[in-house]
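See structure below.
The values are calculated or read from the model by the stated rules, or taken from the named source; none is laboratory data. Computed from a predicted model, the values in this text were never measured in an experiment. With ideal geometry, Cβ positions are generated from the backbone for all residues, glycine too; neighbour counts draw on all protein chains shown.
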Amino acid sequence: MHTQELADKIALKELVDKVSILADKKEVHAQVQLFSENGISETFVGDTSILKLKGRKAMEEAFGNLLKDYETIYHFNGQQQLTIHEDTATGISYCLVTLIGMENDKRIKTTIGVVYHDHFIRENNHWLIAQRTGHFNWQEKCEITLTTLVSPMIPQIK
């Protein structure tokens with residue numbers, strides 16, 4: 001593997017992680033800047049496309065509306081496989097998404113298993129996501145209480 005290919009793989013991994021971190025922090029405007037100007041984001045549940053967005057403006061509005069109802073968001077990125085060809089690349093990334101928010105006066109934790117299929121483009125010597133297809137393969141919901149959010153290793157404040 002050549003030095004440039006290693007540098008590109010590191011840059012693409014950092015790009016995918018940065019997209020997730022910005023979503024976790026609800027910094028949606030900064031997040032969508034990591035997509036190309038006319039980038040596409042499409043979400044599938046099973047074989048059904050439930051959302052297809054084109055362009056940063058559409059993504060910013062939709063992502064912001066989705067995330068506003070959650071008090072806590074975590075993306076845990078796992079394995080990733082990349083194929084690079086000059087100024088384009090494709091990749092598959094696995095992710096566990098955890099969303100915590102209120103539903104019917106109960107604190108609910110939703111965990112989703114996602115596989116992202118990404119197409120990347122290098123513009124002005126920076127990698128961007130040109131197209132991201134998210135396959136939301138499974139989901140688990142459970143009620144949590146404040147005590148489940150506090151570690152048993154941390155002394156309780158009285």
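Can you tell me which of (1) crowded, with 17+ Cβ neighbours inside 10 Å; (2) more than 14 Å from the chain's Cα centre (by Cα) is the one Q81 doesn't meet?
That leaves (1) as the condition not met.
Starting from the stretch 40-54, take each residue that is at positive phi and list its partners that are at pLDDT 95 or above and assigned to a strand (DSSP E or B), counting only C-beta distances under 8 angstrom and pairs at least six apart or across chains.
Final answer for the pair search is none.
Failed condition for R132, given (1) under 30 Å from T3 (Cβ atoms); (2) surrounded by fewer than 16 Cβ atoms within 10 Å (Cβ to Cβ), with all others met?
Among (1) under 30 Å from T3 (Cβ atoms); (2) surrounded by fewer than 16 Cβ atoms within 10 Å (Cβ to Cβ), R132 violates only (2).
Can you tell me which residues in the stretch 12-30 are farther than 15 Å from A130 by Cβ and either over 10 Å from the mean Cα position of the chain (by Cα) or among the polar types (S, T, N, Q) (or both)?
Listed by number, the residues that qualify are K13, E14, S20, K25, K26, E27, V28, H29, A30.
So V32 ticks every box in (1) surrounded by fewer than 14 Cβ atoms within 10 Å (Cβ to Cβ); (2) at pLDDT 95 or above but one. Which box is left unticked?
(1)
Just to be sure I understand, how many residues within the stretch 23-50 are farther than 17 Å from N124 by Cα and part of a strand (DSSP E or B)?
Total satisfying the criteria: 9.
Can you say whether T98 is touching a Ser or Thr at 6+ places or on another chain (Cβ under 7 Å) and hydroxyl-bearing (S, T, Y), as far as the supplied structure shows?
Here the answer is yes, as T98 does meet what is asked.
Being in contact with a strand residue (DSSP E or B) (Cβ under 9 Å, 6 or more places away or on another chain), at pLDDT 95 or above and closer than 22 Å to N38 by Cα narrows it down to one of G101, G64, G91, G78, so name that one.
G91
Can you say whether S20 is in contact (Cβ under 8 Å) with a residue 60 or more places away in the chain, of a type outside the set (A, V, I, L, M) and not in a helix (DSSP H, G or I), as far as the supplied structure shows?
no
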